[in-house]
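The values are calculated or read from the model by the stated rules, or taken from the named source; none is laboratory data. Quantities reported herein were computed from a predicted structural model and do not represent experimental measurements. Glycine also receives a Cβ, built like all others from the backbone with ideal geometry; neighbour counts cover every protein chain displayed.
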Amino acid sequence: MLNCEIYDNFLEPILLDYCQKYFRNDVAFKFQRSDKSEENFFLMGIPPHDCLIDFIFFKIKAVSQRNLEMLRFYTNLQFSNMISETHIDDGQTTCLLMIAGEGDFELGEQVIPFKENRLILFNSKIPHKGRSPKKGHRITLAYKTNEIPN
């Protein structure tokens with residue numbers, strides 16, 4: 001039984017193509033290290049808070065039919081030699097959009113295959129991590145959110 005919501009083919013193909021090029025080429029990434037380890041690291045990029053970021057978040061809320069408040073957002077870039085660490089997130093719900101590449105996603109005891117254009121919504125307090133791709137890289141867009149009561 002899945003403890004998350006999965007939406008495949010979330011973005012229209014031309015918008016996914018744009019996002020892949022934009023996040024790969026136009027967002028500056030910087031190294032981040034886990035607080036718990038000196039060895040685990042990843043690349044994090046913070047694109048401008050613009051209409052693209054707002055549109056994707058608007059669509060997440062519409063498709064999931066959730067009343068969400070955005071706390072923050074960022075992109076992750078991970079290569080095959082980068083090992084991530086299991087962690088929990090701030091906020092109540094994490095929205096993770098798989099933009100490009102490969103590298104499965106561990107959520108609790110589940111393994112969710114990486115699939116470009118797959119959106120996953122899950123409880124932020126479930127331990128999770130992105131597995132390193134076998135080759136190349138993976139890019140994800142993450143939104144940390146809270147649920148707003150109706």
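Summary of values
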read-out: Filter pass, I99 being surrounded by 15 or more Cβ atoms within 10 Å (Cβ to Cβ), under 15 Å from the mean Cα position of the chain (by Cα), outside any strand (DSSP E or B) and at pLDDT 95 or above; value: no
read-out: Given (1) in a loop (DSSP other than H, G, I, E, B); (2) surrounded by fewer than 20 Cβ atoms within 10 Å (Cβ to Cβ); (3) not charged (D, E, K, R), index of the condition V111 fails; value: (1)
read-out: Subset of segment 124-146 [farther than 14 Å from E102 by Cα and of a type in the set (V, I, T)]; value: I126, T145
read-out: Contacts under 6 angstrom Cβ, first residue in segment 10-23 being under 16 Å from P47 (Cα atoms), partner polar (S, T, N, Q) and assigned to a loop (DSSP other than H, G, I, E, B), 6 or more apart; value: L16/N117
read-out: Close pairs (6 angstrom Cβ cut-off, 6 or more residues apart or separate chains): under 19 Å from P13 (Cβ atoms) in segment 50-63, at pLDDT 95 or above anywhere; value: I60/C95; V63/Y7
